[in-house]
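The values are calculated or read from the model by the stated rules, or taken from the named source; none is laboratory data. All values reported here derive from a predicted model rather than from experimental measurement. Positions of Cβ are backbone-derived with ideal geometry, glycine not excepted, and every protein chain shown enters the neighbour counts.
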Amino acid sequence: TETSAQTDKELVAAPGANLSLYITDIVVSNGATAGTVLFEEDTASAKTVKVPKLYLAINGGAVMNFRTPIRITANKNFGFTSNTCTTHDILINGYTAP
């Protein structure tokens, strides 16, 4: 649970050389302050947006199930940036493979 907006916060660490993260599901829930959240690869440098900005209502959220997983570049992490959100939770499902 986050209690304030976050910038480039890692959700899943880089898996190591020649391995990629594959994101299959994302669940976001938001608390008492409306805001936005976007998901990115490589929170430390390149910050490539993988899921564009979602606008979250007060006590709102989003559930995303990807028939084709989102592939993260080999040995890069996966994270998010939120804006104006106060309390919010994020669940990520997926797997690691070459």
Residue that is farthest from ASN83 (Cα to Cα) [pool: residues in the range 21-53 that are crowded, with 19+ Cβ neighbours inside 10 Å and in contact (Cβ under 8 Å) with a residue 60 or more places away in the chain]: LEU21
Criterion first (under 19 Å from SER4 (Cβ atoms), of a type in the set (S, T, N, Q) and modelled with pLDDT of 95 or more) does THR81 satisfy it? yes
If I filter the range 1-20 down to residues being under 9 Å from the mean Cα position of the chain (by Cα) and not acidic (Asp, Glu), which single residue comes out as surrounded by the most Cβ atoms within 10 Å (Cβ to Cβ)? LEU11
Evaluate the following for LEU56: is it under 11 Å from SER82 (Cβ atoms) and either modelled with pLDDT of 95 or more or within 13 Å of the chain's Cα centre (by Cα) (or both)? yes
Within the range 55-74, identify whether any single residue is touching a Cys at 6+ places or on another chain (Cβ under 8 Å) and of a type outside the set (Ser, Thr, Tyr), and answer yes or no. yes
